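The values are calculated or read from the model by the stated rules, or taken from the named source; none is laboratory data. These numbers were taken from a predicted model, which means no experiment stands behind them. Using ideal geometry, Cβ is built from the backbone for each residue, glycine included, and neighbour counts are taken over all protein chains shown. Ligands, DNA and RNA are stripped out before the accessible areas are found, and what is left, the full protein with its side chains, is counted by its heavy atoms. Shrake-Rupley method; radii C 1.70, N 1.55, O 1.52, S 1.80 Å.
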Amino acid sequence: MNILILSAGTRNKVVQYFKKTLNGEGTVVATDCSELAPAIYDADKHYIVPRMTDDGYLDEIIKICKAEKIDGVLSLIDPELSLLSENEEMFSQVGVKVIGSSYDLCERALDKYEMYKWLKKNGYNTARSYMDKNEFYRDLEAGTISFPVFVKPARGSASIAISKVYDKETVELLFDHDDGLMIQEFMNGQEIGADVYIDMISHEVVSIFTKKKIKMRAGETDKAVSFKDERLFALIEEFVKKSGFNGQIDIDIFDIDGEYYISEVNPRFGGGYPHAYESGADHMKLIINNLKGISNTRNIGNYSEGIYMMKYNEIMIKSF
Ligand SMILES: Nc1ncnc2c1ncn2[C@@H]1O[C@H](COP(=O)(O)OP(=O)(O)O)[C@@H](O)[C@H]1O
Ligand SMILES: [Mg+2]
């Protein structure tokens, strides 16, 4: 069972976990467009590839798939998820399964305002959001929303260009300088992360790991603690099934006075996934089973509460 991890970047743990779970039963191949991507050196084999947006990128990846007899491919960065799902057929022709969700779902997950509209339409609690600042001002006057609010790029990631805003002048300033911004109601509550696996054969939710985020740093969860709540598991399962996600996903949720609000979904391994793996939620195993044609049995919340994750920095030294 050979796995190809695209745009591995600094996600060394994801590469290591695949190797550990495969335990010699197959090869882990990783790619990146930079030779300064530490995670590729943890793989059994690595390739430096063109940028994802370059002509001929896909051909290069397909060539690697053939040469390495790859069974399943996944990417660790958002913009590449749509590219993979869009070309699922091309991969399948060379015997490779794309581990991920459909093109439409990848696109919706990329756009926070599209996700907002879908959540609203389907009756889920979520932060009130606006692309039109005048619509926001009208609601401000009407008293249905108040400062502070969050202003962020609707298609952003990694907390880049996110601001907590306390007045109209700042909203104006931000909107003058950037396009594609979204204004969002401030979620004053406990932030939660969920790592979820949807079986790629049965399409059932088979694993959920949830953690309370204690501290965020540079757009990532820096410290977190595992917890369990059956009501949250039920909400996640229902939401994920209605949406139609597949394979590995990561969901951001807020708990505000006991009500859960769905914030966003990343249809890939999130940066905080190591917490789940180390607590017993081995989703690499679930992926490998699916690639072997085996569907996984439901095993939700099979981990202990009160397991803490504390991030720290590592370095890799290399000469070329
Ligand atoms: N409406 C909001 N209310 C409170 N906190 C927010 C809100 N929007 C964003 N944040 C904070 O900023 C972080 C990043 O925002 P998010 O919408 O998840 O974008 P991304 O992770 O794609 O950069 C969140 O994890 C949260 O800590
Ligand atoms: Mg997020």
(request) Starting from residues that are out of contact with any Asp or Glu (no Cβ under 6 Å at 6 or more places or on another chain) and more than 22 Å from Leu110 (Cα to Cα), keep the ones in the stretch 143-155 and report whichever is least open to solvent (accessible area, probe 1.4 Å). (result) Pro148
(message) Would you confirm whether or not the stretch 102-115 contains a residue that is crowded, with 16+ Cβ neighbours inside 10 Å, charged (D, E, K, R) and touching a strand residue (DSSP E or B) at 6+ places or on another chain (Cβ under 7 Å)?
(response) yes
(request) Answer yes or no as to whether Thr21 is over 26 Å from Leu110 (Cβ atoms) and at pLDDT 95 or above. (result) yes
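The rows are residues; the columns are (1) out of contact with any Pro (no Cβ under 9 Å at 6 or more places or on another chain); (2) under 23 Å from Gly293 (Cβ atoms); (3) modelled with pLDDT of 95 or more; (4) surrounded by 17 or more Cβ atoms within 10 Å (Cβ to Cβ).
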site	(1), (2), (3), (4)
Lys13	no, no, yes, yes
Val28	yes, yes, yes, yes
Ser34	yes, no, yes, no
Pro38	yes, no, yes, yes
Lys45	yes, no, yes, no
Asp54	yes, no, yes, no
Ile61	yes, no, yes, yes
(request) Could you tell me whether any residue of the stretch 79-93 is modelled with pLDDT under 95 and outside the structural domain of Arg268 (by TED's automatic domain parsing)? (result) yes
(message) Condition (residue is outside any strand (DSSP E or B), modelled with pLDDT of 95 or more and open to solvent by less than 40 Å² (accessible area, probe 1.4 Å)) applied to the stretch 156-172: is it met by at least one residue?
(response) yes
(request) Would you point out the residue of the stretch 207-257, among those that are within 16 Å of ligand 1 (Cβ to nearest atom) and part of a loop (DSSP other than H, G, I, E, B), that is surrounded by the most Cβ atoms within 10 Å (Cβ to Cβ)? (result) Gly219
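Does the stretch 149-169 hold any residues that are farther than 24 Å from Tyr260 by Cα and within 15 Å of ligand 1 (Cβ to nearest atom), and which are they?
If the condition is that a residue be farther than 24 Å from Tyr260 by Cα and within 15 Å of ligand 1 (Cβ to nearest atom), then Ile160, Ala161, Tyr166 are the ones that fit.
Quick check on the stretch 131-140. Is at least one of its residues under 29 Å from Ile214 (Cα atoms) and either open to solvent by less than 40 Å² (accessible area, probe 1.4 Å) or assigned to a loop (DSSP other than H, G, I, E, B) (or both)? Full working, then the answer.
So the first thing to find is which residues in the stretch 131-140 are under 29 Å from Ile214 (Cα atoms), and the list is none.
No, the stretch 131-140 contains no residue that is under 29 Å from Ile214 (Cα atoms) and either open to solvent by less than 40 Å² (accessible area, probe 1.4 Å) or assigned to a loop (DSSP other than H, G, I, E, B) (or both).
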(request) Give the residue that is surrounded by the most Cβ atoms within 10 Å (Cβ to Cβ), with candidates limited to residues of the stretch 173-192 that are acidic (Asp, Glu) and assigned to a loop (DSSP other than H, G, I, E, B). (result) Asp178
(request) Among residues belonging to the stretch 205-220 that are among the β-branched types (Val, Ile, Thr) and within 15 Å of the chain's Cα centre (by Cα), point out the one that is nearest to Ser295 (Cα to Cα). (result) Ile208
(request) Look at Tyr303 and say whether it is at pLDDT 95 or above, open to solvent by less than 80 Å² (accessible area, probe 1.4 Å) and in contact with a strand residue (DSSP E or B) (Cβ under 7 Å, 6 or more places away or on another chain). (result) yes
(request) Just give me the residues in the stretch 270-294 being surrounded by 15 or more Cβ atoms within 10 Å (Cβ to Cβ) and assigned to a loop (DSSP other than H, G, I, E, B), in sequence order. (result) Gly270, Gly271, Gly272, Ser279, Ala281, Asp282
(message) Condition check: touching a Pro at 6+ places or on another chain (Cβ under 9 Å) and under 27 Å from Ala154 (Cα atoms). Does Leu81 satisfy that?
(response) yes
